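Here the structure comes first, spelled out in C-alpha cells, and everything after it is commentary.
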Amino acid sequence: MSIFKLLFAIIFDAADCLIGRIPLFGTVFDILGVYLTFVLCGPLGITYAWEIIDITDQIDGFIPTMTLLYLISSMSESKQQTYAPSQEYMARKKGKKRKKNSKKRAQ
C-alpha cells in the first residue's frame, strides 16, 4: 500500500465533500473521480460511478468512496501477494525437476 496514493484518495474525498456542494462542479468532479479511481484502483474503480447517480451531490459527498475503494483494492492485492509463490522459489523448483529428469535419463 502506497501512503501517497492513500493521501491522494483522502484529499480527493475531502475536496469532493467541499466542491460537491456546487451543483455543476460536483457532477464534473464525480466524472473526474471515476477516471482517477479507475487509474488508482483498477477495474474496481468503476464502482465510483455510483456517485454520479446523485445529481444533487448532497448524499455522496459524505462517503469517502475513493478512500474506501483504494483500501479494498490494496487489501486484495496484499492477499494475492501473500499466497503467491515467489519467482525465486518457482525457479528453484523447476531446477530441481530438471536435475531429477536428467538423473533418470542417465540411468
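Of the residues in segment 56-71, not one is at pLDDT below 75, in a helix (DSSP H, G or I) and of a type in the set (S, T, N, Q). Among the conditions (1) in a helix (DSSP H, G or I); (2) modelled with pLDDT of 75 or more, Glu77 misses just one, which is (2).
When residues in segment 26-54 are screened for being surrounded by 15 or more Cβ atoms within 10 Å (Cβ to Cβ), without any contact (Cβ under 8 Å) to a residue 12 or more places away in the chain and farther than 11 Å from Met66 by Cβ, 1 of them pass.
The values are calculated or read from the model by the stated rules, or taken from the named source; none is laboratory data. Just so it is clear, the structure is predicted and the values come from calculations on it, not from any experiment. Cβ: placed from backbone, ideal geometry, glycine included. Neighbour counts: every protein chain shown.
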